[in-house]
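Only one structure is covered here, and it is reproduced in the block below.
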Amino acid sequence: MKLVLYPHGGSGNHGCEAIVRSTCKITQANVTLFSASPEEDKKVGLDAICNVQSDHCPISHFSLQYLKAIFQTKFYSDTTAYDRIHFSPVLKAAKTADYILSIGGDNYCYGVPKFIYLVNKEIRKKGGKTILWGCSVEPDSIKGEMLEDLQGYTHIIARESITYQAMKEKGLKQAILIPDPAFQLKRIDLPLPDNFMEGNTVGINVSPMIIGYESNKGVTLQNYIELINYIITQTDMQIALIPHVVWSNNDDRIPLKILYDKFKDTGRICMIEDHTAEELKGYIARCRFLIAARTHASIAAYSERIPTLVIGYSVKAKGIAQDLFGTYEKYVLPVQSLKKKDDMTEAFKWLQANESNIKQQLDTIIPNIKEQVSNINRIFDR
């Protein structure tokens with residue numbers, strides 16, 4: 001089976017990397033990945049498990065394609081002529097693929113993904129079968145042009161039930177509920193750094209993105225500082241700061257470095273450097289708790305039965321937690337709800353008090369979640 005995967009921003013986002021790795025593992029297909037940053041993917045070794053290609057090609061002003069695009073734009077008001085040249089590598093590969101998977105998880109959550117609409121439209125014109133793979137979508141966004149595009153998918157794999165129910169309510173009968181493929185990501189355990197005590201360390205992940213959603217300026221970092229201070233003064237646990245996205249315009253290491261510098265002299269904290277998704281999962285798996293702002297950091301923890309508090313900002317965090325625990329209350333702390341500097345600390349105290357029950361729930365449900373993900377191949381036979 002030949003699969004084309006797009007769009008993929010690059011493995012500087014290790015959640016994106018986790019989706020690709022897990023998809024290759026589950027499907028055992030001949031996979032071509034079209035990436036905005038092939039160099040990032042090769043750095044983490046994705047080229048060893050799939051064919052990594054650039055998702056765009058430079059437009060030569062002397063090419064016949066370019067001249068044709070000028071003509072179509074000028075005389076037929078074709079506003080997509082240049083974009084079709086830009087994304088021609090994806091469109092060409094789609095012609096011989098069995099399925100074209102739209103990956104990324106939440107590409108429909110951040111504004112209007114016009115370029116996805118364009119690529120989908122061109123692929124479908126040629127009879128290509130498109131699948132929206134492991135998605136979350138804000139229910140209120142499913143309308144107009146987005147709904148029209150969603151209707152064109154052969155299958156829609158919703159990774160959590162809030163999205164799935166919203167899809168069904170909109171008449172998208174091809175929607176199927178299957179957990180995120182990254183629940184099947186394997187882990188690699190590297191040696192632990194100083195100040196990381198296996199089984200008694202709180203992993204902490206911060207995202208610059210969630211800070212942008214805060215209702216009171218500065219309250220997010222204030223809450224992380226208060227939480228770390230509580231862990232150091234009121235418990236015997238260590239702290240590991242774990243980045244999961246390292247893009248230059250969205251780098252977890254920047255806020256994590258602020259926290260590290262504030263507490264580094266305590267001897268109770270360490271900073272995990274950038275690693276592959278599998279290696280980061282290895283660190284997360286050896287924590288006692290995780291405080292996560294990144295979705296796939298939380299999935300890495302859940303899949304290893306680590307009690308996790310998600311500092312969320314969208315439907316995906318709530319939906320995934322709800323499917324695991326029956327509710328997202330207490331398991332997801334929306335960043336928009338942070339008002340007082342100890343809100344996160346109080347939420348963590350609840351996690352501490354319910355540690356054994358949470359682990360028991362994860363022990364019960366995670367094998368079933370992983371089995372559901374493993375069985376995702378059945379959709380290709382429909």
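No value in this document is a laboratory result; all are computed from the given coordinates. This is a predicted model, so every value here is computed, not measured. Cβ: placed from backbone, ideal geometry, glycine included. Neighbour counts: every protein chain shown.
Here is how the numbers come out for the structure above:
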| read-out | value |
| --- | --- |
| Cα-Cα separations in region 95-228 greater than 19 Å, expressed as whole percent | 62 |
| Choice from Gly212, Gly312, Gly128 showing the highest fluctuation, given a GNM over the chain with Cα pairs closer than 10 Å | Gly212 |
| Phi to ³J(HN,Hα) by Karplus 6.51 cos²θ - 1.76 cosθ + 1.60 over region 120-133, Hz, x for Gly, Pro | 4, 4, 5, 5, 5, 4, 8, x, x, 9, 9, 10, 8, 10 |
| Of Lys217/Lys316; Lys92/Lys129; Lys129/Lys173; Lys316/Lys370, those spanning more than 20 Å from alpha-carbon to alpha-carbon | Lys217/Lys316 |
| Thr96 versus Thr327: modelled label distance in nm, points set 7 Å from Cα along the beta carbon direction | 5.5 |
| From phi via Karplus (6.51, -1.76, 1.60), per-residue ³J(HN,Hα) for region 236-246 in Hz, x at Gly/Pro | 9, 7, 8, 9, 10, 8, 10, x, 10, 9, 10 |
| Cβ charges +1 (Lys, Arg) and -1 (Asp, Glu), total dipole of the chain, debye | 1040 |
| Per-residue Cβ neighbour rank within 10 angstrom, fewest leading, His56, His14, His8 | His56, His8, His14 |
| Karplus 3J(HN,Hα) series, Hz, for region 320-331 with 6.51 cos²θ - 1.76 cosθ + 1.60 (x for Gly, Pro) | 5, 5, 4, 6, 7, 10, x, 7, 9, 4, 6, 9 |
| Reference-scaled alpha-carbon Rg (2.2 N^0.38 Å with N residues) for the chain | 1.02 |
| Over the chain: helical MRE at 222 nm, DSSP H runs n ≥ 4 each giving -39500 (n - 2.57), nearest 500 | -13000 deg cm²/dmol |
| Fewest-first sequence of Ser54, Ser314 by Cβ atoms within 10 Å of each Cβ | Ser54, Ser314 |
| Between helix 14-27 and the chain: long-axis angle, C-alpha atoms, 0 to 90°, nearest 10 | 70 |
